[in-house]
1. Place a label point 7 angstrom from the Cα of PHE34 along the Cα-to-Cβ direction, then list the residues of segment 63-103 whose backbone nitrogen is under 13 Å away.
2. Would you mind pulling out the separation of the Cα centroids of segment 57-73 and segment 105-137, in Å?
3. Return the lysines within reach of LYS172: Cα separation strictly under 23 angstrom, same-chain partners fewer than 8 residues apart disregarded; answer none if there are no such residues.
4. Extending each Cα 7 Å along its Cβ direction at ALA136 and ALA322, get the distance between those two points in nm, one decimal.
5. With a 1.4 Å probe and every protein chain left in place, work out the accessible area per residue of segment 45-144 in Å², rounded to a whole number.
6. Testing the spin-label approximation: label points 7 Å from Cα along Cα→Cβ at SER234 and LEU92. State their distance in nm.
7. What are the lysines whose alpha-carbon lies under 26 Å from the alpha-carbon of LYS215, with same-chain residues fewer than 8 places away excluded?
Amino acid sequence: MLAEDPRGRLGTAHARHPHVHPALLAFSALLPTFAVGEAEDTTAVIMLCVLLGRFTSLTSPSGRTIAAVTSACLAGTWISCTLADRPLSDVLGYPLLILVLTLLGLNRRQQQLRTDQAEQLLEKTLLMQQEQARAAALAERTRIAREMHDVLAHSLGALTVQLKVAAALIEKGDSEGALARVIRSNRLADEGLAEARDAVAALRGDIPSLPDALKQLVETHDSNHPGEVGLSLSGEPRRLSPTAAVCLVQSAREALTNAAKHAPGERVEVSLHYADGYVCLTVDNVASSPTPQSPDHVPGYGLTGIREPLALVAGTLTTERAQGGARWILAAEVPE
């Protein structure tokens, strides 16, 4: 207990009063200078060198303070030896010895300063990494929220509209119209579930490759709707980011849904082109005659719901009606 207590008290006192320790060392180093000349041995010089070396090795005093204390010790030693009529070897040798030991203390001080700077830099680096990790986590949470909002808001919004219309038609006694709206609601629910699965798969990063996902989508559409659906690939296939792949699959799903709605039974061509720096998906639907827009169309659900996610990956979505409205083309492009 007695061996540990003095160290603890000194450490606490130094932490509370950081300038007291250097001041005491400087004063203790100056005292022996007045006794160097009168001393019969080298005890005073040794004490002076030890105390001054310790003082110059501290990092808290400024460079000017260390230079001032060192100069005072050198001057005091030279004056003390001169007044005591010491030999020339002592008059010149003692200050030289003090100067050499002072330089050694300064070297240790520089090493400690570099160590402190390295620790501060490491601390700042760790803090910056923590902030970056926190920012990345917040960005990921924002992305997850955005993905789920895009899916749920559009799907549930369109589904709510259809169900409200179906309820109104039932009140009016229009059972056929209500049944059509219920069928449309069921299809919207299936599409919403598919998009939700795609969004979750993108967040987990375990979605299939884009060609495989498009192949599954085309096969599913072909089995549930009349008319042929063709799929063609060009360019050198490569792995895309999950978000970009999901955006292109959603674009293809929306285009096929529009084709089945506006031109049922007509052929649809889906093409995927891998080019240098970008990937382009094109869906071309040609009807035998122009068809008016379906009354089941819900504004804001389809193309807007695809264009917004594409914009987040710097992608673009363009649509075009040609041949008097008989041909409808959708092109989605993402940079990769």
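1. Taking a point 7 Å out along Cα→Cβ of PHE34, the residues of segment 63-103 whose backbone N falls under 13 Å are 76-77, 80.
2. For segment 57-73 versus segment 105-137, the Cα centre distance is 26 Å.
3. LYS164
4. 4.5 nm
5. Values: 6530 Å² over 100 residues.
With all protein chains present, segment 45-144 gives 65 Å² per residue.
6. Distance between label points: 9.3 nm.
7. Partners within reach: LYS261.
The values are calculated or read from the model by the stated rules, or taken from the named source; none is laboratory data. If you're wondering where the values come from, they're calculated on a predicted model, not measured in any experiment. Methodologically, a virtual Cβ is constructed for each residue, glycine included, from the backbone with ideal geometry; neighbour enumeration extends over all protein chains shown. Accessible surface areas use protein heavy atoms only, side chains included; no ligands, DNA or RNA. Shrake-Rupley method; radii C 1.70, N 1.55, O 1.52, S 1.80 Å.
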